[in-house]
Amino acid sequence: MRLALLALRLMCLAWLWPLTHNSSHSANKRRHKEQFGESTKQKHGGRIDLKLKKLDSTKSLLIKSEQLLRIEDHDFAMRPGFGGSAIPVGIDVQVESIDGISEVNMDFTMTLYLRHYWQDDRLAFPSSSNKSRTFDARLVKKIWVPDVFFVHSKRSFIHDTTMENIMLRVFPDGNILYSVRITVTALCSMDFSSFPLDTQNCSLELESYAYNENDLMLYWKNGNDSLRTDEIVLSQFFVEDFQPSYGLAFYSSTGWYNRLYINFILRRHIFFFMLQTYFPTMLMVMLSWVSFWIDRRAVPARVSLGITTVLTMSTIITGVSASMPQVSYVKAVDIYLWASFLFVFLSVIEYAAVNYFTTVEEMKKLRRAKIPDSYDTNQAMAFDGCFHDNDIDLTPFPDTTSTSNTERNTQSRNSTVSGPTEGTRLRRKHPLLQNLSFIMSNSYMIDSYSRVIFPMAYLLFNIIYWSMYA
């Protein structure tokens, strides 16, 4: 009986063993799949890649490019051909725009495309189609590039919208094109002696910072055709000429360096300054001449007109000086403004002289005349600062013609009778003094002469000025 029960148990175990083995194998397989799936999600950011054995195409291309150029096999901290002759680096520049010119800071801002050409055999690669490969700034940081900088630059930057504006193109034979888009603000030594009728010569200078002429040779890639420009329009200047040139620069501690120059000539537009400075100045000078036609006794009118023109000229001079650098020499606009200011100032002085001579003349008449007791001199001077003949009862003067003829006849008779006594000296009055005394006694003639002398003198000044600077 016991044997029969034991045999029955063995048969049951033999029948259940395959089922338990298959269930444990499927559980282990399911557990391994879940673990691999979680690791795949973590690696790919929660995204399950159905083709696990296939590599990412972008990643494989980057690896192939680095392997193709053998970047890891060389030390790119050293220049190509280190220890040998200087490496030639060609330069090509395309000027996009001149963004601004500042006379106060004596600088200019320019945006340009700077292209470098050189050969590095370390980057040569085999190619059946002989096509170049183009890269961006990420590969530039791993290879050697020329260290060109701008001499006398104040500020400069490489544009980085939307990515850094850097392009690297490698050819199968190792030739390299490296292009960057740069905005630079550089010094321009300006001469304002002829401002605003001036022409400025500015230059942008390129030079290697670390490598002298024994290690690196800068040159213009295509000669004079290496410098190209777009159509440049400026508000105050006209760009006359762009010209590349070449030179050497010496530093006492490091030696000689190759230097490239981008020369351009700027000619200033005069029309803006004609409207803002020259025409208002001319009008103020001519306005000051109006006082010559105003009655000399109208003191308030002539004084207020003269002071107004003087103050207006001072305002124009101050406004022009505020927009200019503080230079120690005289500019062309300064000559014109101060000469015009002198004409305006002299018109005020002219009336001061007229008023003074008029007062002196009337005072002499008052001394010769009989002044009534009821005449108030202070009241007469209050209106315009001079006496008036109408308020005074003047006795009529004797006939000057008859008196002069009588005296002349008497002197002629006396001269025939007796000559000059011994020891006396005959003196003749100087004609200049006579004319001066005549003008002083007739002060109204000063205005008459000023109406002609002032315009003619100012016209002569303008002819000389514009012939010299225009």
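The values are calculated or read from the model by the stated rules, or taken from the named source; none is laboratory data. Quantities reported herein were computed from a predicted structural model and do not represent experimental measurements. FYI the Cβ positions are ideal-geometry reconstructions off the backbone, even for glycines, and counts take in every protein chain you see. Side chains are part of the model used for accessible areas, which takes the heavy atoms of the whole protein and leaves out ligands, DNA and RNA. Shrake-Rupley method; radii C 1.70, N 1.55, O 1.52, S 1.80 Å.
Listing for the model above:
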item	result
Yes/no for S203 being open to solvent by 10 Å² or more (accessible area, probe 1.4 Å), at pLDDT 95 or above, out of contact with any Leu (no Cβ under 6 Å at 6 or more places or on another chain) and of a type in the set (G, A, S)	yes
Residues (over 25 Å from the mean Cα position of the chain (by Cα), polar (S, T, N, Q) and not in a strand (DSSP E or B)) located in the range 148-192	T161, T162, N165
Qualifying residues in the range 183-200 (those that are open to solvent by 20 Å² or more (accessible area, probe 1.4 Å) and in contact (Cβ under 8 Å) with a residue 40 or more places away in the chain) - the one nearest to D147 (Cα to Cα)	L187
Members of the range 206-218 found to be farther than 20 Å from M110 by Cα, of a type outside the set (S, T, N, Q) and either open to solvent by 70 Å² or more (accessible area, probe 1.4 Å) or assigned to a strand (DSSP E or B) (or both), listed by number	Y209, E213, L216, M217, L218
Given (1) open to solvent by less than 70 Å² (accessible area, probe 1.4 Å); (2) closer than 25 Å to A86 by Cβ; (3) in contact (Cβ under 8 Å) with a residue 40 or more places away in the chain, index of the condition G223 fails	(3)
Scan of the range 160-182 for residues that are open to solvent by 70 Å² or more (accessible area, probe 1.4 Å) and of a type in the set (F, W, Y), ordered by number	F171
Test: residue in the range 286-295 that is on the phi < 0 side of the Ramachandran plot and part of a loop (DSSP other than H, G, I, E, B)	yes
Failed item in (1) at pLDDT below 90; (2) among the small types (G, A, S); (3) over 27 Å from S153 (Cβ atoms), with S85 passing the rest	(1)
Lone unmet requirement of (1) open to solvent by less than 80 Å² (accessible area, probe 1.4 Å); (2) free of Cβ contacts under 8 Å to residues at least 40 places away in the same chain; (3) assigned to a strand (DSSP E or B) for V145	(3)
Residues of the range 252-281 satisfying the condition of being open to solvent by less than 70 Å² (accessible area, probe 1.4 Å) and in contact (Cβ under 8 Å) with a residue 60 or more places away in the chain	R259, L260, I262, N263, F264, I265, L266, R268, I270, F273, T277
Residue list for the range 303-331, restricted to those being touching a residue at least 60 places away in the same chain (Cβ under 8 Å), open to solvent by less than 40 Å² (accessible area, probe 1.4 Å) and more than 19 Å from N105 (Cβ to Cβ)	none
Long-range neighbours under 7 Å by Cβ, at least six apart or interchain, first residue within 17 Å of M274 (Cα to Cα) and of a type outside the set (D, E) within the range 459-470, second in a helix (DSSP H, G or I) and open to solvent by less than 50 Å² (accessible area, probe 1.4 Å)	F461/A339; Y465/Y336; Y469/A332
